[in-house]
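What follows is one structure encoded as structure tokens, with my remarks underneath.
The values are calculated or read from the model by the stated rules, or taken from the named source; none is laboratory data. The structure displayed is predicted, hence computed values, not measured ones. All Cβ positions, glycine included, derive from the backbone under ideal geometry; neighbour counts span all protein chains shown. With ligands, DNA and RNA removed, areas are computed over all heavy atoms of the protein, side chains included. Shrake-Rupley method; radii C 1.70, N 1.55, O 1.52, S 1.80 Å.
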Protein chains: 2
Amino acid sequence: MTGSLHPPDTHPFVRKMESIALFPLSREERAALCALPMHVARFDAYQDIVREGDRPSRCFALLEGFVAAYKTTPSGKRQVMAYHVVGDVPDLQSLHLKVLDNSIATVSPSRIGFVEHDALRVLFREQPKLLEVFWRSTLIDAALVREWMLNIGRREAYTRLAHLFCELITRLDAVGLAPERTCAMPMTQPELADALGITPVHVNRTMRDLKAAGLVTVRGRRLTVEDWEGLKAAAEFDPAYLHLRSEDGAKLPTS
Amino acid sequence: MTGSLHPPDTHPFVRKMESIALFPLSREERAALCALPMHVARFDAYQDIVREGDRPSRCFALLEGFVAAYKTTPSGKRQVMAYHVVGDVPDLQSLHLKVLDNSIATVSPSRIGFVEHDALRVLFREQPKLLEVFWRSTLIDAALVREWMLNIGRREAYTRLAHLFCELITRLDAVGLAPERTCAMPMTQPELADALGITPVHVNRTMRDLKAAGLVTVRGRRLTVEDWEGLKAAAEFDPAYLHLRSEDGAKLPTS
DNA sequence: CGGAAATTTGATTCAGATCAAAATCAGTGG
DNA sequence: CCACTGATTTTGATCTGAATCAAATTTCCG
């Protein structure tokens, strides 16, 4: 609504899909993506965009900001399943699952573009190869959740937090938002606690340990990796599960 | 290879897809599913069918038995991401993700039907609506992992185990394998430990508590629910995340 | 400058881990 | 049918990573 129109190649949504596709998008495909009718809205931080139990008739793309997919226990405990970065379509699943099984909330002020399911169905009819890209996108999201589950189920807090930082940096780098291994990190410590399956107090202590080890620094909602190799080692981080194509493995070299 | 040919309506694979589809399958669609060229093989318990890092050119359907999708930490800790029941296609994701990000192993002796990716692509070209069913199937798998993650991240051992039992019974019931709320449960306690993110010793103690509470009994690889309402309550179990259609919510009534 | 939120630190407790050993069970072959 | 063997399951004793409770600090904004 406000702000500039994105030329096709910098439209965050298109950019993301290009980063996911296993083949280069044709001009027509890119144009079709850009032409998707999208209703743009802004959200403050900590607002639910969709809620568990909703039966949405549209999806949304994250154009700016951060959102978290989460579920809660009847007793009110909260578990973040995944963070989503610019370009993601966090509730794409709603296209084939009638009722949402998780909520999605903003973590920082965000710009959201809503797209009707019907518009996507038309898109897929017109550009069948894009369907594969979107399907692939949901599969990658699932892969992230699986790695996260290994993290929560089988690693101790220190490793978990390191792993989360590695993932954030790598994913943001893939869309150009983590130059020099530094990135926005709007999550508060209680937020991180919900993502890691631990308590806020323990997040604080774990963070202190990561800083003390010289791996990262955090100042003013911004994360900076001071020792990438050390952080990766502490995190047991192997980016294969992110299913990024080619270069990103190389872009963050091993030595 | 041995055994009877399944008539279309009892072929476990077709049955599963019918249980997932949001619309009744046409005769042609069912026939096309049955006609999928499938290479059938048998596996003993505790065999890897596919391994993390593989680049498969085929998927497999579970025709008989149980399999577990899992990942491991470099230090050898193992986390089961999901159990799969008869009719599932546990590595359907490999259709669009080149390299597998988890391994899948048998939990009990199993019969497996391998299907070439190309055969699926042909199927989808011929029967486009089946593509949606398969996509939906991968989305449901993802939903199960999310619920499992809430389980592991935010519930204590007792609740976790109860939840796992509820899920097993409900899913097996959906394919006719849990009459009277009793079902095969071939997982050993160390296996369950890997699924719940706890230790085998603690599984044993937690199981003892569930039995002592009169909720379940286990004898000879078979789980029997003695108090379904009690178990559901202990588990905070709400089957919505399974995305079963209609009746199954009703089939296991609340009172 | 003031007030609310977020971070940090300390003291104590607990769910679950770890270590170790017994008891039970399931096959297997004689 | 039983004795033997290895795999499970069960029980006990002890330890620890993370939770809980509580109280400062610091940071962020209007």
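Quick one: which residues, 5 or more positions from A:VAL107 or on another chain, have an amide H under 5 Å from its amide H? H modelled 1.01 Å from N in the peptide plane, none for Pro or chain starts.
Amide H neighbours of A:VAL107, under 5 Å, 5+ apart: A:TYR46, A:PHE66, A:VAL67, A:ALA68.
Average partner chain C-beta neighbours within 10 Å, per residue of A:230-237?
Average per residue, whole number: 1.
I'd like the trypsin sites (Lys or Arg not before Pro) in the range B:49-146 restricted to DSSP loop residues with at most 15 other Cβ atoms within 10 Å, sorted by number. Could the numbers behind the result be given before it?
Numbers: sites: B:ARG51, B:ARG58, B:LYS71, B:LYS77, B:ARG78, B:LYS98, B:ARG111, B:ARG121, B:ARG125, B:LYS129, B:ARG136, B:ARG146; in loops: B:ARG51, B:LYS77, B:LYS98.
Loop-located and lightly packed - B:ARG51, B:LYS77, B:LYS98.
Please calculate the 1.4 Å probe accessible area of B:SER57, with all protein chains present, and give it to the nearest 10 Å².
Spelled out: B:SER57, probe radius 1.4 Å, area about 70 Å².
Accessible area drop of at least 30 Å² (1.4 Å probe, protein heavy atoms): which residues of the range A:142-160 qualify, relative to the chain alone?
Residues losing area: A:VAL145, A:ARG146, A:MET149, A:LEU150, A:ILE152, A:GLY153, A:ARG154.
Give me the inter-chain shielding for A:122-130: mean count of other chain Cβ atoms within 10 Å, whole number please.
1
In whole Hz and in residue order, list the ³J(HN,Hα) couplings for the range B:69-80 that follow from phi through the Karplus curve 6.51 cos²θ - 1.76 cosθ + 1.60, θ = phi - 60°; x for Gly and Pro.
8, 8, 10, 10, 7, x, 7, x, 6, 10, 10, 7
Determine which aspartates and glutamates satisfy two conditions relative to A:LYS77: a Cα distance under 18 Å, and not lying fewer than 8 residues away in the same chain.
Result set, ordered by chain and number: A:ASP48, A:GLU52, A:ASP101, A:GLU191, A:ASP194, B:GLU147, B:GLU156, B:GLU236, B:ASP238.
Sorted from shortest, what are the nm distances separating the label point of A:VAL175 from equivalent points in the other copies, each placed 7 Å from Cα along Cα to C-beta?
The answer, with the shortest distance listed first, is 3.6 nm.
List the distances, in nm and shortest first, from the label point of A:ASP118 to the matching label points in every other copy, placing each point 7 Å from Cα along the Cα-to-Cβ direction.
Nearest first, the other copies' label points are 4.0 nm away.
List every residue whose amide H lies under 5 Å from the amide H of B:VAL40, counting only residues 5 or more places away in sequence or on a different chain, with H placed 1.01 Å from N in the peptide plane.
B:PHE114
Specify whether the C-alpha gyration tensor of chain A places it in the rounded, prolate or oblate class, a ≥ b ≥ c being the square roots of the eigenvalues: rounded for a/c under 1.5, otherwise prolate if a/b is larger than b/c and oblate if not.
prolate
Can you list the HN-Hα couplings for the range A:163-170, worked out from phi with the Karplus curve (6.51, -1.76, 1.60; θ = phi - 60°), rounded to whole Hz and with x for Gly and Pro?
With the stated coefficients, the range A:163-170 comes to 5, 4, 5, 4, 5, 4, 4, 5 Hz.
Ordered shortest first, which distances in nm separate the 7 Å Cα→C-beta label point of A:GLU226 from those of the other copies?
Taking the point 7 Å beyond Cα along Cα→Cβ, the inter-copy spacings are 5.7 nm.
Using a/c under 1.5 as the rounded threshold, could you call the protein assembly as shown rounded, prolate or oblate? The axes a ≥ b ≥ c are square roots of the C-alpha gyration tensor eigenvalues, and prolate needs a/b larger than b/c, oblate otherwise. Working shown, then result.
On the way: a/c = 1.60, a/b = 1.18, b/c = 1.35.
Taking the square roots of the gyration eigenvalues as a ≥ b ≥ c, the protein assembly as shown is oblate.
Could you point to the residue in A:ALA35, A:LEU25, A:ALA61 farthest towards the positive end of the range A:1-145's charge dipole, with +1 and -1 charges on the Cβ of Lys/Arg and Asp/Glu respectively?
Positive-end residue among those listed: A:ALA61.
Find how much the distance from A:PHE23 to A:ASN204 grows on full extension, using 0.36 nm per residue of separation minus their present alpha carbon separation; answer in nm with one decimal.
60.9 nm
Under 18 Å from a point placed 7 Å out from the Cα of B:ARG219 along the Cα-to-Cβ direction: which residues of the range B:152-192 have their backbone N that close?
B:179-186
Given H placed on each backbone N at 1.01 Å, which residues far from A:ASP91 in sequence or on other chains put an amide H within less than 5 Å of it?
It is A:PHE60, by chain and number.
Structure shown: which of A:LYS16/A:LYS71; A:LYS211/B:LYS98; A:LYS71/B:LYS98 lie over 31 Å apart, alpha-carbon to alpha-carbon?
A:LYS211/B:LYS98
Can you work out ³J(HN,Hα) from phi for every residue in the range A:122-133, in order, using Karplus 6.51 cos²θ - 1.76 cosθ + 1.60 and θ = phi - 60°, giving whole Hz and x for Gly and Pro?
Residue by residue, the range A:122-133 yields 4, 4, 5, 5, 6, 10, x, 5, 5, 4, 4, 5 Hz.
With a cut-off of 15 Å, note down the residues of the range A:33-64 whose backbone N falls inside the zone around a label point 7 Å from the Cα of B:LYS129 toward its beta carbon.
none
Rounded to whole angstrom, how close does the nearest chain A beta-carbon get to the axis mapping A onto B, and which residue is it?
A:ALA142, 2
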